[in-house]
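Structure, as structure tokens:
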Protein chains: 2
Amino acid sequence: MKIEAYQIREGKKLNLKDHPTDGTKGVSKEEVKVRKPQLKLQLVKLQEQLYAEEQQSLLVVLQTRDAGGKDGTIKHVFTGLNPQGVNVTAFKEPTPLELSHDFLWRVHAHTPAAGMIGVFNRSYYEDVLVTRVHGEVDKQDIQRRYDEIRAFEISLQNRGTRILKFHLNISKDEQKRRFQDRLDKPRKQWKFSENDLSERALWDDYTKAYEDTLSATSTPTAPWYIIPADHKWFRNDLVTQILLETLNDMNPQFPEVDFDPTKIVIE
Amino acid sequence: MKIEAYQIREGKKLNLKDHPTDGTKGVSKEEVKVRKPQLKLQLVKLQEQLYAEEQQSLLVVLQTRDAGGKDGTIKHVFTGLNPQGVNVTAFKEPTPLELSHDFLWRVHAHTPAAGMIGVFNRSYYEDVLVTRVHGEVDKQDIQRRYDEIRAFEISLQNRGTRILKFHLNISKDEQKRRFQDRLDKPRKQWKFSENDLSERALWDDYTKAYEDTLSATSTPTAPWYIIPADHKWFRNDLVTQILLETLNDMNPQFPEVDFDPTKIVIE
């Protein structure tokens, strides 16, 4: 599979409507189901080596609209990995303490240490998306923050962190179906907030904010991927494959030891 | 199963040699294998409800000797749970910054938030075990730290955190077998450190330190469990069952919503 097809080129003018939300690229649900256990095994193996090697780390940033599938992606893609090597951080509305710092302060504390996979459920990208749509920052602030984000990501990379950024791209109709599903199912109602509807009313503003942001911050070494996300099974499969390709490229190895194991006697 | 049989009574003089390391309580490996998927399903369900409820949290403290099975227990018991709701922290030798604070400072930052399961791979108990065996603290320090630990755990409990503490109890022979296994298998060599042998030479000192510590800090609401841990399959099963019984007792519920779902219309 050519994962590059889902990558955004840096600085290229982006129209989200050119990116189908329901694309499945000729892949069938059945074949995805068949290969899922095999892909998960590969992921488990690579994560174990990443942890043992303790030299590199992987940061996975998940952004999307409400009900876009962040929680579901995390649950389906990362369940089954050893939780000792995976650290998920869900960023909520900033606290007063967090707001009294620069916007990268609170996320920096949660970037993955060597050996770890860090997953951000929402991220510092909220600070150029939701703040912009709500008019809390102006154009200049946004440009400055884009620069700060690029510099921040370079710092992480220089210490051995690979960065994967996923925009889970859903349609307005699919969001409606998912909201309705949450309302209809007692076990899911807690996930719905009336605030979700006022955000939904700002759909087009979010579209523009995403387009500008993804275009401005998709660099060759920290690219954004736009994931067709109306079909959960396709979304999970695609994210898994991009993770696998990335980890294979990072090629983590069990460390060599600096002693001769055959010479050691245990009393 | 009576999990109380593995609990330590507060203040009771403890002899670890009264606690078999290879006990399997008439349970067979086969029956454990059969029930494992079913127990895991229950655990996944309860964890999901704990996360949704967002009122209570669970702290699991794992202590043992080197090669005692902390990593293995975490891998086998917690893999399969949604990593968004499980936060594992492995505490290593304290850094100079950490040492410039009280011994609870570094662990407090990692206690589980409401809704979360936090797992400590080693913990603040190292500060009354390894420090004591190496003569870095005296008897008075130890007693003071026991008091601090009890007060600390009460603070966590008052905010809704349940605390489970497991001592994985292995024999000296079993430790030797595991060290040798690490030396023999290239994929495991990185887990061996020559320092492990000098610690092994202090086996009896650690025994005494564990006996005093478990006895002094096993309270009715934050009990220590001594887990027979020579057989990994038995250890994993027993820890899982204690977790399940505890989570069932916590009885987390999906939250009720404060709106009428039937009245909401999605435009």
Quickly run through the range A:178-188 and pick out the residues that are surrounded by fewer than 18 Cβ atoms within 10 Å (Cβ to Cβ), more than 7 Å from every other protein chain (Cβ to nearest Cβ) and of a type in the set (Lys, Arg).
A:LYS185, A:LYS188
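Answer yes or no: is there a residue in the range A:59-70 that is assigned to a helix (DSSP H, G or I) and either surrounded by 16 or more Cβ atoms within 10 Å (Cβ to Cβ) or within 11 Å of another protein chain (Cβ to nearest Cβ) (or both).
yes
Being over 21 Å from B:ARG145 (Cβ atoms) and touching a residue at least 24 places away in the same chain (Cβ under 8 Å) narrows it down to one of B:VAL44, B:VAL34, so name that one. Spell out how you get there, then give the answer.
Working: B:VAL34 fails: touching a residue at least 24 places away in the same chain (Cβ under 8 Å).
B:VAL44 is the lone residue from the list that is over 21 Å from B:ARG145 (Cβ atoms) and touching a residue at least 24 places away in the same chain (Cβ under 8 Å).
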Hits in the range B:72-89 - residues which are assigned to a helix (DSSP H, G or I), of a type outside the set (A, V, I, L, M, F, W, C) and either free of Cβ contacts under 8 Å to residues at least 12 places away in the same chain or more than 7 Å from chain A (Cβ to nearest Cβ) (or both)
B:GLY72, B:THR73, B:LYS75, B:HIS76, B:PRO83, B:GLY85
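Determine, yes or no, whether A:PRO37 is of a type outside the set (A, V, I, L, M, F, W, C) and within 14 Å of chain B (Cβ to nearest Cβ).
Details: of a type outside the set (A, V, I, L, M, F, W, C): yes; within 14 Å of chain B (Cβ to nearest Cβ): yes.
Here the answer is yes, as A:PRO37 does meet what is asked.
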Of all residues in the range A:176-229, which are over 29 Å from A:LEU164 (Cα atoms) and aromatic (Phe, Trp, Tyr)?
A:TRP190
Taking the range A:40-50 only, how many residues are surrounded by fewer than 23 Cβ atoms within 10 Å (Cβ to Cβ) and either in contact with a strand residue (DSSP E or B) (Cβ under 7 Å, 6 or more places away or on another chain) or within 12 Å of chain B (Cβ to nearest Cβ) (or both)?
6
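Determine whether the range A:110-120 contains at least one residue that is polar (S, T, N, Q) and in contact with a strand residue (DSSP E or B) (Cβ under 7 Å, 6 or more places away or on another chain).
Start the filter on the range A:110-120 by keeping residues that are polar (S, T, N, Q), which leaves A:111.
Filter once more, keeping what is in contact with a strand residue (DSSP E or B) (Cβ under 7 Å, 6 or more places away or on another chain): A:111.
Among the residues of the range A:110-120, at least one is polar (S, T, N, Q) and in contact with a strand residue (DSSP E or B) (Cβ under 7 Å, 6 or more places away or on another chain), which makes the answer yes.
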Just one of the numbered conditions (1) touching a Phe, Trp or Tyr at 6+ places or on another chain (Cβ under 8 Å); (2) of a type outside the set (Ser, Thr, Tyr); (3) surrounded by 16 or more Cβ atoms within 10 Å (Cβ to Cβ) is not true of A:LYS29; which one?
(3)
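Provide a single number: the residues in the range B:237-250 that are under 16 Å from B:LYS75 (Cα atoms) and buried (at least 22 other Cβ atoms within 10 Å of the Cβ).
Total satisfying the criteria: 4.
Look at A:THR111 and say whether it is under 26 Å from B:ASP71 (Cα atoms) and among the hydroxyl-bearing types (Ser, Thr, Tyr).
On the way: under 26 Å from B:ASP71 (Cα atoms): yes; among the hydroxyl-bearing types (Ser, Thr, Tyr): yes.
The answer is yes for A:THR111.
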Every residue in the range A:59-90 that is among the hydrophobic types (A, V, I, L, M, F, W, C) and under 24 Å from A:ASP181 (Cβ atoms), please.
A:LEU62, A:ALA67, A:ILE74, A:VAL77, A:PHE78, A:VAL88, A:ALA90
State which residue is nearest to A:TRP203 (Cα to Cα) when the search covers only the range A:24-56 and only residues that are over 19 Å from the mean Cα position of the chain (by Cα) and not in a helix (DSSP H, G or I).
A:THR24
For the range A:5-16, give me the residue count where each residue is at pLDDT below 95 and more than 13 Å from A:TYR225 (Cβ to Cβ).
4
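The values are calculated or read from the model by the stated rules, or taken from the named source; none is laboratory data. Note that this is a predicted model, so its numbers are computed, not measured. All Cβ positions, glycine included, derive from the backbone under ideal geometry; neighbour counts span all protein chains shown.
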